[in-house]
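Reading through the structure tokens given below for one structure.
The values are calculated or read from the model by the stated rules, or taken from the named source; none is laboratory data. Bear in mind that the values here come from a model prediction, so they are computed numbers and not experimental data. Counting neighbours? That spans all protein chains shown, and the Cβs are built from the backbone with ideal geometry, glycine included. Each accessible area value is taken on the protein alone, full model and side chains, heavy atoms only, with ligands, DNA and RNA left out. Shrake-Rupley method; radii C 1.70, N 1.55, O 1.52, S 1.80 Å.
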Amino acid sequence: MNGEFWPWWWGALAIGGIATAYPLISGRMLGVSSLYASLFERGRPRREPVSEFEAALMAATEAEFGADVMKDTTEDARSKLSRWRLGAEAVRPLFLVGMIVGPALLGLALGDFRWSLTLGKDFDGRYGTFGALPIAVLVVSGILIGFGTRLGGGCTSGHGISGVARGQSGSLVTTAVFWSTALGAAWIFYLFGVR
Amino acid sequence: MGSLIQLLFGCLFGVALSRSGAADFDKMVSMFRFEEVHLFALAGGTAAVAALGLAVVLRSPWSAGIRALPRTIHRGGVFGGLLFGAGWGLSGTCPGTALAQLGTGHVVALFTTAGILLGNWLFERVDVTRFGISRDSCN
């Protein structure tokens, strides 16, 4: 990729649009760390939107009258969509694959795909090019990011976009914390005269 | 069909992250040092567009079955935010942009992604509930 990026408002429309269309079509809010979580949580029971009481009632009804009575024979388009969305849960991690493949395919199609040993001029300036230090920094950063996003229940997409857009207090707080921490880290680099 | 949809949206999101500049380390440094407004504007604009879009979608009849759980303030959010923020400050990367970086040929993002997987693996092994933190807040 060359250094030309989309204007901010085009990126905002694209990412905001994806954050709107993805829940509509897949039934899940946009959030990358949740996808990582689902990779590790296969087989473990999750928080369900249905209350415990409701779930117990449904189980008792099914036990008493059989599974057939649970099927709504006058199922309308809406609940079919709902059922289909829930069925697509298992294949969610493919989203992560798409995140790598998509830019690669576009880069190849446009002819601007380049292999690179660096993340940028400033990255090399700070840590050096493809040596022990930059690699160690990235691994440690990754651990902090991976562990921290699970602890916080989301990342820049899950909290920063989806949660904040919904006005969720937990997302607003968590986003404020990680954003200011990142700015604080940059401030520390600045104080040490490092770009 | 579900697989195709996940792949497609993943592709779109990866493209948007890389082409908008969100996955670029140098652009991120410019943002953190308040030299450029680009990524701040991108973040704010994205939140605004998503707020509008989700307000419509989540209030529409088509919201049936969309899993949009409340995100309440919790201890994990503060500690997790500190750790994630530190990682972001050091590497200019988040879980999403690391993948977009891989997709644009930045091989060192393999190390970041390996770290993210390791961080997830460690989280599975630590009993965070001992500290009053939920294991499931990502759901």
| request: Can you tell me the alpha carbon radius of gyration of chain B divided by the globular rule-of-thumb value 2.2 N^0.38 Å? | output: 1.20
| said: Can you compute the modelled spin-label distance between B:A48 and A:K121, with each label point 7 Å from Cα toward Cβ, in nm? | reply: 3.0 nm
| Near-label residues of the stretch A:165-195 by backbone N, under 19 Å of a point 7 Å along Cα→Cβ of B:V126 | A:174-175, A:177-179, A:181-182
| Net charge of neighbours whose Cβ lies under 13 Å from the Cβ of A:K121, counting Lys and Arg as +1 and Asp and Glu as -1 | -1
| field | Amide H contacts under 5 Å for A:R28, placed H, 5+ residues apart | value | B:R67
| request: Using a Förster distance of 45 angstrom, determine the FRET efficiency expected from the C-beta separation of B:E35 and A:E64, and round it to 0.05. | output: 0.10
| request: Return one whole number: the accessible area per residue of the protein assembly as shown in Å², for a 1.4 Å probe. | output: 45 Å²
| Modelled FRET efficiency - R0 51 Å, B:R59 with A:Y190, Cβ distances, 0.05 increments | 0.70
| note | In the stretch A:100-190, the trypsin sites (Lys or Arg not before Pro) that sit in a DSSP loop and have at most 11 other Cβ atoms within 10 Å of their own Cβ are A:R114
| query | Taking a quarter of the surface of the Cα convex hull of the protein assembly as shown, what do you get in nm²? | reply | 17.5 nm²
| request: Could you work out how far the C-alpha centroid of the stretch B:99-139 sits from that of the stretch A:149-195, in angstrom? | output: 16 Å
| request: Specify the inter-centroid distance of the stretch B:1-45 and the stretch A:98-124, based on alpha-carbon positions, in whole Å. | output: 13 Å
| Given a 1.4 Å probe and the protein chains all in place, what does the accessible area of A:K80 round to, in Å² to the nearest 10? | 120 Å²
| note | Residues other than B:A100 with Cβ under 13 Å of its Cβ, Lys/Arg counted +1 and Asp/Glu -1, net out at +1
| field | GNM top mover of B:A100, B:A16, B:A68 - chain B, alpha-carbon springs below 10 Å | value | B:A68
